[in-house]
Amino acid sequence: MTDNALHGFQQQSLTLIDTLLPLSGAIFFLIEPDMQHRGAVFYNLSPSIEQDYTRHFSQLDPLNPARFSDKALTVVTLDSQMQPHLLKQTRYYQQFMQPHNHRYVADMFFRQQGEITAVLSILRQQTLGPFLADELQLLQQLQPFMEYSLNTIYLPVRQQQRACIRADYQLTERELDVLERLLSGSSNKAIANELGLSLATVKTHLHHIFSKTGVSRRTELVSLIMRRLSI
């Protein structure tokens, strides 16, 4: 159930975007059917920004993916959704965007059968200026290839592996999230930060995973799961 290939694709995509246009940070995350973020990969950003966003500000975000679930837009800027003078009056801008030092945002949406499956969010500080028309056109030209790669190569493998482990050990979706990160080498603290959980909750999930899989140590768990997925 290792998702190293998927994470590698996300990281390479972020690096590519950085070579094509100026940015101060970016994040590439998956969207689950419940519209929650999963599997975020960061570029020049602290994972704490994702935790802060999901816990306190996602519902205030004019670019929240849920707002675009019934639309066919592929690249959207924050300023196209709200006039700047109105944006700066919002709690979202004052308590989230300003403290994290970003002003301009462009989101690239990826869909599978009409449903948003992932988002690549590009952030800019005030000094970098807004996204220009030719930059947005470049992102729109790049989006179909990235979406095709994500949907035909990377997501199907991850989904198959999660389904296999879920069926074998009756793990919940959140336990699968924890397991994925454990297999990639993340510490309990890193898992907590990535998933927006307390350290105690992560330990509880690990205890349940150990119990369901019949192991008592992380090394045993990794060995068991890797053997199962190699069959």
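The values are calculated or read from the model by the stated rules, or taken from the named source; none is laboratory data. From a predicted model like this one, the values you see are computed outputs, not experimental measurements. As a convention, Cβ positions derive from the backbone with ideal geometry for all residues, glycine included, and neighbour counts pool all protein chains shown.
Here are some notes:
- Residue check, Ala133 farther than 30 Å from Lys203 by Cβ, touching a Ser or Thr at 6+ places or on another chain (Cβ under 6 Å) and not charged (D, E, K, R): no
- The single condition from (1) touching a helix residue (DSSP H, G or I) at 6+ places or on another chain (Cβ under 7 Å); (2) in a helix (DSSP H, G or I) that Ala163 fails is (1).
- Residue ID - nearest to Gly114 (Cα to Cα), chosen from residues in the range 78-94 that are surrounded by 17 or more Cβ atoms within 10 Å (Cβ to Cβ) and not hydrophobic (A, V, I, L, M, F, W, C): Tyr92
- Whichever residue in the range 174-189 is touching a residue at least 24 places away in the same chain (Cβ under 8 Å) and over 12 Å from Lys203 (Cα atoms) and, among such residues, is surrounded by the most Cβ atoms within 10 Å (Cβ to Cβ): Glu180
- Of residues in the range 95-105 being outside any strand (DSSP E or B) and either at negative phi or not assigned by TED's automatic domain parsing to the domain that holds Ile27 (or both), the one surrounded by the fewest Cβ atoms within 10 Å (Cβ to Cβ): Pro99
- Criterion applied to Leu221, Leu229, Leu171, Leu197 was being assigned to a helix (DSSP H, G or I) and surrounded by 18 or more Cβ atoms within 10 Å (Cβ to Cβ), and the one residue passing it is Leu221.
- If you go through the range 25-67 and pick out every residue that is assigned to a helix (DSSP H, G or I) and either of a type in the set (Lys, Arg) or outside the structural domain of Gly8 (by TED's automatic domain parsing) (or both), you end up with 2.
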